[in-house]
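The values are calculated or read from the model by the stated rules, or taken from the named source; none is laboratory data. Just so it is clear, the model here is predicted, and its values are computed rather than measured. Virtual Cβ from ideal backbone geometry, glycine too; neighbours counted across all protein chains shown. Please note that ligands, DNA and RNA were not included when accessible areas were found on the heavy atoms of the full protein model with its side chains. Shrake-Rupley method; radii C 1.70, N 1.55, O 1.52, S 1.80 Å.
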Amino acid sequence: MRHGPMGVVLRVTTMAVAAVGVAWIHRAHDPGVLCPLRAVTGIPCPLCGGTTVFIELGSGRPVHALLANPVALVGAVGIAVAPLARDRWWALSPRTRAWVLGLALVGSELWQLARLGLLRI
């Protein structure tokens, strides 16, 4: 795996190709709800909307991607730029990393509940 700017370019290129491919496949065949928790219970998981983020980005609709799941979009950007900032993440204490990830998951779940009309804000 490459580090530095070349790693970012490789990650962004791979993600862009994947997003366009997923959007193309989705246009031809919509599989419906992919989240097993949401399919069975009707309650979304914190990562619900993650596939939609890539479909919307691949379709050239970044605002729709942001509205589907802002945490997944920020996570994708974080993965893309990871070669530039990986030392900063690991420099954080394990407790701080756990808090950041935990708050992101809680925020994402609240967003999904509100987005799907299960939580009134």
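Brief remarks on what is shown
- Per the conditions (1) open to solvent by less than 70 Å² (accessible area, probe 1.4 Å); (2) over 17 Å from the mean Cα position of the chain (by Cα); (3) farther than 24 Å from R115 by Cβ, the sole criterion not satisfied by P5 is (1).
- Note on the stretch 32-69: residues that are crowded, with 17+ Cβ neighbours inside 10 Å and assigned to a helix (DSSP H, G or I) total 11.
- Qualifying residue in the stretch 14-23 (condition: closer than 24 Å to L119 by Cα, surrounded by 12 or more Cβ atoms within 10 Å (Cβ to Cβ), in contact (Cβ under 8 Å) with a residue 12 or more places away in the chain and among the β-branched types (V, I, T)): no
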